[in-house]
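**Q** I have a structure here, written as structure tokens, and I will follow up with some questions on it.
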Amino acid sequence: MAHRVTGVLIFFFLFVHVLDTALVRVSPEAYDKVVATYKTPIVALLEYGLVAAILFHALNGLRVIAVDFWSKGPRYQKQMFWTVMGVWIVLMAGAIYPVLGHAYRALFGS
């Protein structure tokens, strides 16, 4: 279920991203205003959520492939799921500063 949810969230992000990028051809001033809103701490949290969704979707996708194409995959799917979760948590912990560092500095100073 989470794999489908993250897939839909990523799809909607890509849809919005294409729309806001296309805005530059229509109105560069409007595009600049939209991009300026992306530099807020709230959007930084949304970016962190996007990173979480992409990482989970990618790692879980590899697990799904392994379950489907490896003869022993169904037997080990629970262990592979917990491995995916462990790797995801480690990678998300490592992404905190690169993704949220500028939001922290904006809120609390350098």
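**Q** If you scan the stretch 54-110, which residues turn out to be over 17 Å from the mean Cα position of the chain (by Cα) and hydroxyl-bearing (Ser, Thr, Tyr)?
**A** Ser71, Tyr76, Thr83, Tyr104, Ser110
**Q** Let me ask something else. Here are the criteria: (1) assigned to a helix (DSSP H, G or I); (2) basic (Lys, Arg); (3) loosely packed, with under 10 Cβ neighbours inside 10 Å. Tell me which single one Lys72 does not satisfy.
**A** (1)
**Q** Counting just the residues of the stretch 25-39 that are under 25 Å from the mean Cα position of the chain (by Cα) and without any contact (Cβ under 8 Å) to a residue 24 or more places away in the chain, which one comes out most open to solvent (accessible area, probe 1.4 Å)?
**A** So the first thing to find is which residues in the stretch 25-39 are under 25 Å from the mean Cα position of the chain (by Cα), and the list is 31-39.
The next check asks that each one be without any contact (Cβ under 8 Å) to a residue 24 or more places away in the chain; those that pass are 31-38.
Details: Tyr31: 68, Asp32: 97, Lys33: 149, Val34: 42, Val35: 41, Ala36: 58, Thr37: 73, Tyr38: 82 Å².
Only one residue fits best here, namely Lys33.
**Q** Within the stretch 56-80, can you find the residues that are at pLDDT 95 or above, farther than 17 Å from Phe11 by Cβ and of a type in the set (S, T, N, Q)?
**A** Hit for the stretch 56-80 is Gln79, nothing else.
**Q** Also, quick follow-up: Would the stretch 11-21 turn up any residue that is in contact (Cβ under 8 Å) with a residue 40 or more places away in the chain, closer than 26 Å to Gly101 by Cα and of a type outside the set (Phe, Trp, Tyr)?
**A** Scanning the stretch 11-21 turns up no residue that is in contact (Cβ under 8 Å) with a residue 40 or more places away in the chain, closer than 26 Å to Gly101 by Cα and of a type outside the set (Phe, Trp, Tyr).
**Q** Considering Lys33, Lys39, which residue is over 23 Å from Val5 (Cα atoms) and part of a helix (DSSP H, G or I)? Break it down stepwise before answering.
**A** On the way: Lys39 fails: part of a helix (DSSP H, G or I).
Exactly one residue qualifies, and that residue is Lys33.
**Q** Here is a follow-up. Taking the options Ala103, Ala53, name whichever one is open to solvent by less than 70 Å² (accessible area, probe 1.4 Å) and over 23 Å from Phe11 (Cβ atoms). Full working, then the answer.
**A** Details: Ala53 fails: over 23 Å from Phe11 (Cβ atoms).
After applying the criteria, what remains is Ala103.
The values are calculated or read from the model by the stated rules, or taken from the named source; none is laboratory data. In this text the structure is predicted, and so the values were computed from the model without any measurement. Heads up, the Cβs are rebuilt from the backbone with ideal geometry, glycines too, and the neighbour counts pull from every protein chain shown. Accessible surface is based on the protein model in full, side chains and every heavy atom, while ligands, DNA and RNA are left aside. Shrake-Rupley method; radii C 1.70, N 1.55, O 1.52, S 1.80 Å.
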